[in-house]
Amino acid sequence: MIKHLNILVVDDDPGVLELLGAFFGTHGYAAKTCRSGREALGLLDSEAFALVISDIEMAEMNGYELLRLTRAKYP
C-alpha cells in the first residue's frame with residue numbers, strides 16, 4: 001500500500017539513491033530520486049512533495065543551495 005506522502009531524495013551517489021528509494025518503497029511510501037539539485041528543482045516544478053531529503057555535498061549545487069531555492073519557490 002502506498003502511503004499518501006511523496007518523498008524526493010536528492011543525492012549524487014547512485015548507491016544512496018537506490019538504497020533510500022528501496023527503503024521508502026518497502027515501507028509504503030512513494031519516493032522519487034534525483035542525482036542533482038537542478039534535476040530536483042525541475043521535478044519540483046511539476047510535482048508536489050511532502051518531504052525532500054538531500055545530500056549536502058554535491059558537485060553542481062550543494063544541499064544548502066537546493067534548500068534555499070526550494071524554500072524560496074515553495075514556502
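Total residues in segment 30-41 satisfying the condition of being modelled with pLDDT of 95 or more and either hydrophobic (A, V, I, L, M, F, W, C) or open to solvent by 40 Å² or more (accessible area, probe 1.4 Å) (or both): the figure is 8.
Restricting attention to segment 1-29, the residues that are β-branched (Val, Ile, Thr), open to solvent by 40 Å² or more (accessible area, probe 1.4 Å) and either touching a residue at least 40 places away in the same chain (Cβ under 8 Å) or in a loop (DSSP other than H, G, I, E, B) (or both) add up to 1. Only residues that are among the β-branched types (Val, Ile, Thr) and under 18 Å from Glu18 (Cα atoms): list them for segment 29-75, please. Selection gives Thr33, Val52, Ile53, Ile56. Taking segment 56-75 as the range and being open to solvent by 40 Å² or more (accessible area, probe 1.4 Å) and either closer than 13 Å to Val9 by Cα or part of a helix (DSSP H, G or I) (or both) as the test, the residues that pass are Ile56, Tyr64, Glu65, Leu67, Arg68, Leu69, Arg71, Ala72, Lys73.
Put simply, of Lys73, Lys32 the only residue that is free of Cβ contacts under 8 Å to residues at least 60 places away in the same chain, touching a Leu at 6+ places or on another chain (Cβ under 6 Å) and of a type in the set (D, E, K, R) is Lys32.
The values are calculated or read from the model by the stated rules, or taken from the named source; none is laboratory data. Remember, it's a predicted structure, so these values are computed and weren't measured experimentally. Note: ideal-geometry Cβ built from the backbone for every residue, glycine included; neighbour counts use all protein chains shown. We work out accessible area using only protein heavy atoms, side chains counted, and drop any ligands, DNA or RNA first. Shrake-Rupley method; radii C 1.70, N 1.55, O 1.52, S 1.80 Å.
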